[in-house]
1. If eta is 0.890 mPa s and T is 25 °C, what Stokes-Einstein diffusion coefficient results for the chain, Kirkwood Rh from Cα pairs, in µm²/s?
2. Quick one: divide the alpha-carbon radius of gyration of segment 124-171 by 2.2 N^0.38 Å and tell me what you get.
3. Report the calculated FRET efficiency for I27 and T124 (r = Cβ-Cβ distance, R0 = 45 Å), to the nearest 0.05.
4. Taking 22 Å as R0, compute the FRET efficiency from the Cβ-Cβ separation of I78 and I200 and round it to 0.05.
5. Which of the aspartates and glutamates could a cross-linker bridge to K29, judged by Cα under 12 Å and excluding same-chain residues fewer than eight apart?
6. Cα-based Rg (one decimal) and Dmax (whole number) for segment 1-119, in Å?
7. To the nearest 10 degrees, how steep is helix 58-76 against the longest Cα principal axis of the chain, on a 0 to 90 scale?
8. Accessible area of segment 43-115 with a 1.4 Å probe: how many percent of it is carbon plus sulfur?
Amino acid sequence: LNDWARGEGAPGLGYIVQESGAGKGPIAKFVPEGAMADLRTLTGLSDGDAVFFVCDKVDAAAKLAGKARTKIAQELDIIQKGVFKLCWIVDFPMYKQDEETGGKIDFTHNPFSMPDGGLEALNTKNPLDIVANQYDCVCNGFELCSGSIRNHRPDIMERAFEIAGYSREDLHKKFGGMLSAFKFGAPPHGGAGFGVDRMIMLIADEPNLREVYPFVMNGAGEDPMMGAPTEMTPQQLRDLHIKADLPKPKVV
């Protein structure tokens, strides 16, 4: 599993094996006995069991830990077969701290979803504690749909964007038409989009989405069936006010 983790681009996968009532392994010596006792209580660890650790930034760690859990379950052949297990994922964080901009508060996913708690939550809570009315439906670990309850009130939308650093003028300049429409009394509304191709993949017991997707792209991002992408004609570029700045052919 350590080698597997390195193949996934990680430095490795930490682990502690329980043997004769004590923890063994490369990182066990760094875990005090009191912490080891807590670990046994939390995980139900007994002799012959192992517990694995991922150390990274939160998102990267969660991604690798999820892959490791699936990999371990496959190795032990403990994943139920012939069943469909569904669940809804809710309480998505509304905001995050963007490391690339020095910790600036930004939207996590859909900026147009309604924050849970509405305007009061935006005015009284730490932005990182606010959750959005967003939801995903998952089946056997695959996302089947995603959606949200939309933000349909101009005052809540202005405040939501203000927290992320957008001025009222910026918001009205970019989304003025939508905000004007909301002033006429748009009702609460929401929705979700389901991926039929992923449902077919699960029903067909096909692990590769490419095998059931009607318009498959190759590794270069090309669609052989549609012959896309193709070069645009000069007239098409003029119609769209696009100027192509293509690399000049090499002269040998």
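The values are calculated or read from the model by the stated rules, or taken from the named source; none is laboratory data. These numbers were taken from a predicted model, which means no experiment stands behind them. Positions of Cβ are generated from backbone atoms using ideal geometry, with glycine treated the same way; all protein chains shown enter the neighbour counts. SASA here: full protein model, heavy atoms, side chains in, ligands and nucleic acids out. Shrake-Rupley method; radii C 1.70, N 1.55, O 1.52, S 1.80 Å.
1. After rounding, the answer is 104 µm²/s.
2. Details: Rg = 14.4 Å, N = 48, 2.2 N^0.38 = 9.6 Å.
Ratio of Rg to 2.2 N^0.38 Å for segment 124-171: 1.50.
3. On the way: r = 42 Å, r/R0 = 0.92.
Once the sixth-power term is evaluated, E becomes 0.60.
4. Numbers: r = 26 Å, r/R0 = 1.19.
With a Förster radius of 22 Å, E is 0.25.
5. Partners within reach: none.
6. 18.8, 56
7. Once rounded, one gets 50 degrees.
8. Numbers: 2960 of 5270 Å².
C and S fraction of accessible area: 56 percent.
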